[in-house]
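Before any comments, here is the structure.
The values are calculated or read from the model by the stated rules, or taken from the named source; none is laboratory data. Just so it is clear, the model here is predicted, and its values are computed rather than measured. Glycine gets a Cβ as well: all are built from the backbone with ideal geometry, and neighbour counts include every protein chain shown. Calculation scope for accessible area: heavy atoms of the full protein, side chains included, ligands and nucleic acids excluded. Shrake-Rupley method; radii C 1.70, N 1.55, O 1.52, S 1.80 Å.
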Protein chains: 2
Amino acid sequence: MCPVFSGPQNTALSAGGNKALRSALQGAASKQGNLPVTIDLSRIEALTFDVGGTVFDWQSTIINAVTDLAAAKETAVDAQAFARTWRAAMFDHLVAMNSGNAEIMNADGMHRQALDGMDEAFAELALSPDEKDDLTRAWHHMPAWPGVPEAIAALRQRYVVSILSILSVPILVGSSRTAGIDWDLILSCEFLPAYKPEPDSYQGAARLLALEPGQVMMVAAHPFDLRGARAAGLATANLQPNLSEPSEFLPPESEPGEFDIEAEDFADLVRQLCP
Amino acid sequence: MCPVFSGPQNTALSAGGNKALRSALQGAASKQGNLPVTIDLSRIEALTFDVGGTVFDWQSTIINAVTDLAAAKETAVDAQAFARTWRAAMFDHLVAMNSGNAEIMNADGMHRQALDGMDEAFAELALSPDEKDDLTRAWHHMPAWPGVPEAIAALRQRYVVSILSILSVPILVGSSRTAGIDWDLILSCEFLPAYKPEPDSYQGAARLLALEPGQVMMVAAHPFDLRGARAAGLATANLQPNLSEPSEFLPPESEPGEFDIEAEDFADLVRQLCP
């Protein structure tokens, strides 16, 4: 049992907007949020949170940073397209890295290198190396969705609550400071045996926690991540806090019952994990 | 500048007891606590804390656990001798491991294995394997010295504040939860390139923080640790919060000026780091 927590509903989710799109994508799965939890929560000792998109609002962060930079340079840019392209390029490198076809580097390295590949598509910005360095550091100061610090604090009353992220230590520490979130532990794939969604990332996290994979629950807003966790033996919670993920990052429809928990937002997650 | 913090003076230090011994051991160094800080603190971005003895009271933890166990078994034991012997055996393994002459394992493994070597010396306990496992887990619930959570919170207003410890992730997470301390980051040598006092442990920590070694200050109550950090290029703060370290672990006399900061207790550390 966790302390009572009735933190903010996810206002974005409640406000319509892309909700119809998300409902269509999620299908029946989103309705499971109100069903009783059937997983044996007494077995779960630790929660590991994805954070990029799940906890931190990377898109607004990057849109704001690139919009400010464009204004300072007296030019215009499609900031949302820039943010989506950048994020996708980082994931392209990650996928190549996981299959042994790209240089191993941390997420700061991936972000910085991806910008060099965007010079042509966003020529209007004419980014200097220093400007690229500054933009790369914008990831170190992402805010969180509303209510997250309170939800994490509530969950920590019952569970060990850790980050498990492909992002770098400076991104994770810096953004947690910006967002005012205190974790029990930060686990970055930067120092784990593998990057998500490789099984040894999740299992490596469980080993460091001295737990069996089945004693750990991965919480994420991205089915690819949860599917990787499930394949590695972890329990899974599908969290849908975020309307502002661009459509290409919106989760594809998950199978009803595919994940152990379906939560509409952080308050719902706390309710279900602390019944 | 950190927020005003006038947390508890270290009552043990102020109360006499081993103070004369400590003063004799420390010589002039302890007087430096009241001198102006000459190091350029503006360069320091992160603090890395040793915790075993420096932050957490391992000795009382182990004395209490073994005393309780002996009472339950209706026998008597020299609990302080037991605690010292155990700690020393763990360090013996660590030294051998660092020189390539012992199996690589984390601190829980070292603690558990060391108990097997203590059967003869403490035969009156007749420890079963389960009892050894339970005692090993006692390290996961160490309390901190008074005022530490508040001091860490104050320092986090100005610095990124991390653990950098030879102890395992479960020890560090569990004891931080027991003590109510929130860190920006926990770095265990369990997942770093080396164990302290090897240079690559400190430098690996700085690399993960994306900082130069000289931008990181190691805080510890043990000169061997600070000397390792200094040799690796880190700044150093010598903290003397702990009267209950057994004499074999009391720091030998450090040279005046050997370390960048000499602090009498956590309140003094905050004062000097946040002038």
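Annotations for the structure displayed:
- Residue identified as of a type in the set (A, V, I, L, M) and over 25 Å from A:L192 (Cα atoms) among B:I152, B:I181: B:I152
- For region A:47-92, a residue qualifies if it is at positive phi and in contact with an Asp or Glu (Cβ under 7 Å, 6 or more places away or on another chain), and exactly one does: A:G53.
- Output for region B:156-186, where each listed residue is assigned to a loop (DSSP other than H, G, I, E, B), open to solvent by less than 10 Å² (accessible area, probe 1.4 Å) and aliphatic (A, V, I, L, M): B:L167, B:I181
- Residues located in region A:196-213, provided they are more than 14 Å from every other protein chain (Cβ to nearest Cβ) and either under 16 Å from A:I104 (Cα atoms) or not in a helix (DSSP H, G or I) (or both): A:K196, A:P197, A:E198
- Any chance A:P146 is open to solvent by 10 Å² or more (accessible area, probe 1.4 Å), under 30 Å from A:R43 (Cα atoms) and away from every other protein chain (no Cβ under 12 Å): yes
- Per the listing A:G174, A:G180, the residue uniquely on the phi > 0 side of the Ramachandran plot and within 14 Å of chain B (Cβ to nearest Cβ) is A:G180.
- Unmet criterion (only one of (1) outside any helix (DSSP H, G or I); (2) in the same structural domain as A:A88 (by TED's automatic domain parsing)) for A:L135: (1)
- Any hit, region A:117-135, residues being within 14 Å of another protein chain (Cβ to nearest Cβ), crowded, with 17+ Cβ neighbours inside 10 Å and touching a residue at least 12 places away in the same chain (Cβ under 8 Å): no
- Residue within region B:187-195 that is within 12 Å of chain A (Cβ to nearest Cβ), without any contact (Cβ under 8 Å) to a residue 12 or more places away in the chain and in a helix (DSSP H, G or I) present: no
- Boolean, B:D108 is open to solvent by 30 Å² or more (accessible area, probe 1.4 Å) and either over 23 Å from B:S175 (Cβ atoms) or out of contact with any strand residue (DSSP E or B) (no Cβ under 7 Å at 6 or more places or on another chain) (or both): no
- The condition (being of a type outside the set (V, I, T) and at pLDDT below 95) is satisfied by just one residue among B:P146, B:P129, B:P193: B:P146.
- Positions within region B:64-102 being among the aliphatic types (A, V, I, L, M) and open to solvent by 40 Å² or more (accessible area, probe 1.4 Å), in sequence order: B:A71, B:A72, B:A76, B:V95
- Residue count, region A:36-63 (criterion: part of a helix (DSSP H, G or I) and surrounded by fewer than 19 Cβ atoms within 10 Å (Cβ to Cβ)): 4
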